[in-house]
Amino acid sequence: MKNRLLAVASLCLMLLFLGACGEKVADRDISQTSKESNSITWGVKNDTRLFGMMDVKTKEVKGFDIDIARGITEKILGPDASAIFVEVTSKTRIPLLKNGNIDAIIATMTITEERKQQVNFSDVYFDAGQSLLVKKDSGIKGIEDLGAGTTVLAVKGSTSVDNIKKAAPETTVLEWENYAECFIALQSGQGDAMTTDNAILLGMASQNPEYQLAGGAFTQEPYGIAINKGQDNFLKEVNEALAEMHQDGTYDRIFDKWFPETEDGRVKD
Ligand code: GLU
């Protein structure tokens with residue numbers, strides 16, 4: 001009898017232990033774990049000027065997404081909390097979120113119905129639209145010039161790939177791992193144009209005066225912060241923090257810092 005009781009007790013302990021081990025990192029309540037660690041881990045771009053760009057000198061990532069993430073972290077956890085940044089690309093961001101490597105994605109990510117099947121999104125925090133970047137003497141004025149025989153460069157895992165295939169079905173689309181690679185490919189003549197959001201292209205054109213945006217935006221790309229499904233408390237905290245940042249002027253200050261020439265929340269192109 002005693003032995004049987006012991007066996008049952010150790011079986012229970014084993015199941016408890018397995019249960020605890022079996023809990024995926026992504027399943028933990030981020031609104032609790034962030035308070036325990038006094039930090040939020042954000043997936044951000046490291047190669048996208050104006051949004052998330054690694055400053056090689058200071059080893060700090062800088063941009064609009066970074067400052068918004070810092071602002072939200074401070075609103076949720078207080079001024080002493082840490083915003084931790086982990087590099088993502090358009091292709092790796094959802095897998096990294098689902099695996100629990102990051103608590104949220106703030107990385108030029110468009111809210112789409114397709115992505116909503118996999119993750120939840122915060123309220124819109126930035127409005128972009130897809131456009132083209134070309135060499136000033138390329139002769140390409142807009143998507144109407146992207147017919148058969150032209151090549152467009154885009155980044156894997158971005159909405160830009162599907163959008164350009166729909167908008168310019170005759171053009172050849174070459175896909176790259178990230179924006180740094182994609183722009184180098186454009187510079188080395190591997191395509192006639194590069195396509196992604198106007199705000200991202202603007203960051204590239206501002207540093208490379210021989211390139212310009214061509215045509216206006218041909219899609220709408222509302223950016224949201226992606227959070228794992230089931231993290232409703234954390235999602236609510238993020239939306240409340242964003243609303244507070246709009247109310248107290250923090251959002252406008254950050255916006256003006258990165259986009260000083262625009263006044264209505266849209267990036268001019
Ligand atoms: N906003 C678009 C997207 O979410 C393009 C920018 C990006 O690749 O992150 O796919």
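The values are calculated or read from the model by the stated rules, or taken from the named source; none is laboratory data. What you see is a predicted model; the values in this text were computed from it and never measured. Neighbour counts run over all protein chains shown; Cβ positions are idealised from the backbone, glycine included. Note: accessible area is taken over every heavy atom of the protein model, side chains too, but ligands, DNA and RNA are not part of it. Shrake-Rupley method; radii C 1.70, N 1.55, O 1.52, S 1.80 Å.
Note: relative contact order over the chain, using C-alpha pairs below 8 Å and six or more positions apart, is 25 percent. Residues 42, 258, sorted by accessible area with the largest first, give 258, 42 [1.4 Å probe; ligands and nucleic acids excluded]. Here the peptides 95-105, 182-192 are ranked by packing, the mean other Cβ count within 10 Å, and the order with the highest first is 95-105, 182-192. Paramagnetic label reach from residue 36 (point 7 Å along Cα→Cβ; backbone nitrogen cut-off under 18 Å): within the stretch 214-229, residues 228. Helices in the chain that qualify as membrane-span-like (whole DSSP H runs, Cα extent of at least 15 Å along the helix axis, mean Kyte-Doolittle hydropathy of -0.5 or higher) are 2-22, 64-77.
Computed from the Cβ-Cβ distance with R0 of 30 Å, the FRET efficiency linking residue 233 to residue 184 stands at 0.10.
In terms of accessible area, using a 1.4 Å probe and ignoring ligands and nucleic acids, 109, 54 rank largest first as 54, 109. Highest average first, the peptides 140-151, 235-246 ordered by how many other beta carbon atoms sit within 10 Å of their residues are 235-246, 140-151. Using the Cβ-Cβ distance between residue 253 and residue 148 with R0 set to 45 Å, the FRET efficiency from 1/(1 + (r/R0)^6) comes to roughly 0.40. To the nearest 10, the accessible area of residue 49 is 90 Å² with a 1.4 Å probe.
Note on the stretch 66-121: with neighbouring protein chains present and a 1.4 Å probe, carbon and sulfur make up 41 percent of its accessible heavy-atom surface. Other residues with beta-carbon under 11 Å from the beta-carbon of residue 81 carry, at +1 per Lys or Arg and -1 per Asp or Glu, a net charge of +1.
Extension gain for the segment residue 124 to residue 243, taken as residue separation times 0.36 nm less the Cα-Cα distance, is 41.8 nm to one decimal.
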